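Derivation of every value follows stated rules applied to the coordinates shown; laboratory data play no part. As the structure is a computational prediction, the values presented were derived from the model and not from experiment. Counting neighbours? That spans all protein chains shown, and the Cβs are built from the backbone with ideal geometry, glycine included.
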């Protein structure tokens, strides 16, 4: 009988490279946004950059952008799933594994004279609907990791802003908190668990640095790939696969990669130091080129949008067309402000009013200055404490306004908007908005020099004229019972605290003047059907009959 020999099999590990989802890419973008301008990111969230740390522990200088690594994507997703299923926000994973263990197990190789790793972990836990991804929830995850109020050492913020790390994996897992797979499970609580795996490895034969970024449709023109813009073209079609190549000018050696396979638009191209001609091409992107990109010892970010497309592939070595934004992430600015309640309409903040009134109210950039928010105009929802942030605006002068709840209006400022200037890389603080349910009646008393019943640009307002509400409609002002206002130096007046009713509005005549608007010493009847109305431009024209003595 022949003998049978069995060869012992060696232990082998199956490495899994994982492409990032659109949600994970957006969270990665927020990390790189913070690294591009740490001071601005801290200001967005109302903290000092080194809050909770030693002075100067985090420097204000820009940090190199991270590049997505598919193996780190896998390790971060494994831990995110472990956190959610076990209802435990922890760095310790399955079988007691630690962050570097999981990165190596996933297939990431640590090598060279410089290497390191770190991990951030977090979770949003709440009731039904919490597991549904939205831009606001992803923003909240990033904000809470950056502010890092829970950790006494501010470890998450330090990891986000550590200039040593070059690669990252972002893992998200949504579903029942403490349950199995996404959706269902009978658990009343739902969650989104988030993990950020940071790593550094050196000594790679192809180079230790990356050209990285995203291809996206910059629909709102703010030069930042927002959640709804990733992976889409100008007509809403998917950008598909985009090919990114970098030709080294010194020897014409070309390095090439494609965007990750799930359509998020992100890419990571490993290169050696040098000067490169970087070109991205795709069926729904066109061709975008960055000539003479200098890569040194740190990563470089270059994004691509259809709006930048030249439509042609440049001849190697030619100067070619150049995109307008050599590094879009640093050429924008942010706005920040507050919205409060003015319940009695007196133009002052009511400090003891429930903040739920303003939570969710939209603040928007009124691009066409028509006082109406259109779908293409950037906006932000007001948070629980009345704060709001609009990020990634191109430099320029804007009108910013508020969409009040039904039955409310803007009480401050009078004109209903703030004019602000956005500077590159800066956070601009916008003066506070107040909203009120009370109605306003406002207008101007002006000197009608030509007697035509309309105020021209050269006709000035009249100061200290009294406008009153003639409650009994007898044409005489009763000082004790009928509200009145005196005009300011510009001739303006306003009744800010009115309830729904019908009012008769008059101005007290003065000797030597003839009222021309409304004519024949006329008056206005103003009907207010509900709260929150703004009745403006109830103007009174007064023609001087006897010219002033020279």
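First check a/c for region 506-550, with a ≥ b ≥ c the square roots of the eigenvalues of its C-alpha gyration tensor; if it is under 1.5, answer rounded, and if not, answer prolate when a/b is larger than b/c or oblate otherwise.
On the way: a/c = 4.02, a/b = 2.87, b/c = 1.40.
Here region 506-550 falls in the prolate category.
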Based on the Cα coordinates of region 331-436, what is the per residue volume of their convex hull in Å³?
91 Å³
Roughly how tilted is helix 70-86, in degrees to the nearest 10 and between 0 and 90, from the longest Cα axis of the chain?
70 degrees
Given region 82-138 reduced to its alpha-carbon atoms as identical point scatterers, what log10 I(q)/I(0) does the Debye formula return at q = 0.15, 0.26 Å⁻¹?
-0.62, -1.09
Antiparallel DSSP beta bridges within the chain, percent to nearest 5
85 percent
If you find the alpha carbon centre of region 122-184 and of region 504-550, how far apart are they in angstrom?
59 Å
At 7 Å along Cα-to-Cβ for each site, give me the label-to-label distance between residue 511 and residue 261 in nm.
9.3 nm
May I ask you to sort 391, 481 by Cβ crowding, counting other Cβ atoms within 10 Å and putting the fewest first?
481, 391
So what is the relative contact order of the chain, in percent, for Cα pairs below 8 Å that sit 6 or more residues apart?
11 percent
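If each residue's Cβ is checked for other Cβ atoms within 10 Å, how do 379, 165 rank with the fewest at the top? Please list the in-between numbers first.
Numbers: 379 18, 165 24.
Lowest count first: 379, 165.
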Can you tell me the relative contact order of region 439-544? Whole percent, Cα pairs under 8 Å, sequence separation 6 or more.
41 percent
With Cα atoms, 0 to 90° folded angle of helix 22-36 axis to the chain main axis
80 degrees
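If you take the beta carbon distance between residue 403 and residue 251 as r and set R0 to 56 Å, what does 1/(1 + (r/R0)^6) give as a FRET efficiency, to the nearest 0.05?
Details: r = 57 Å, r/R0 = 1.01.
Efficiency for this residue pair is about 0.50.
Go through 195-204, 518-527, 213-222 and give me the packing order, highest mean Cβ count within 10 Å leading. Intermediate values should be presented prior to the final figure.
Details: 195-204: 21.8, 518-527: 13.0, 213-222: 23.4.
Per-residue mean Cβ counts within 10 Å order the peptides as 213-222, 195-204, 518-527.
Restricting things to alpha carbons, find the Rg to Rh ratio for the chain using the Kirkwood radius for Rh. It would help to have the intermediate numbers written out before the result.
On the way: Rg = 30.8 Å, Rh = 27.4 Å.
Value, to two decimals: 1.12.
Expressed in nm², what is the orientationally averaged projection area of the convex hull enclosing the Cα positions of region 439-544? Walk me through the numbers before you get to the answer.
Numbers: hull surface 26.0 nm².
So the mean shadow area of the Cα hull is 6.5 nm².
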Over all pairs of different Cα atoms in region 22-200, the reciprocal of the mean inverse distance gives a Kirkwood radius in Å of 16.5 Å
Relative to the longest principal Cα axis of the chain, at what angle does helix 135-147 sit, 0 to 90 degrees, rounded to 10?
80 degrees
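First measure r as the distance between the Cβ atoms of residue 150 and residue 452, then evaluate 1/(1 + (r/R0)^6) with R0 = 56 Å and state the FRET efficiency to the nearest 0.05.
Values: r = 67 Å, r/R0 = 1.20.
E between residue 150 and residue 452, to the nearest 0.05, is 0.25.
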Could you quote the convex hull projected area for region 195-312, Cα atoms only and averaged over all directions, in nm²?
8.0 nm²
Neighbour-count order for 477, 388, fewest beta carbons within 10 angstrom listed first:
477, 388
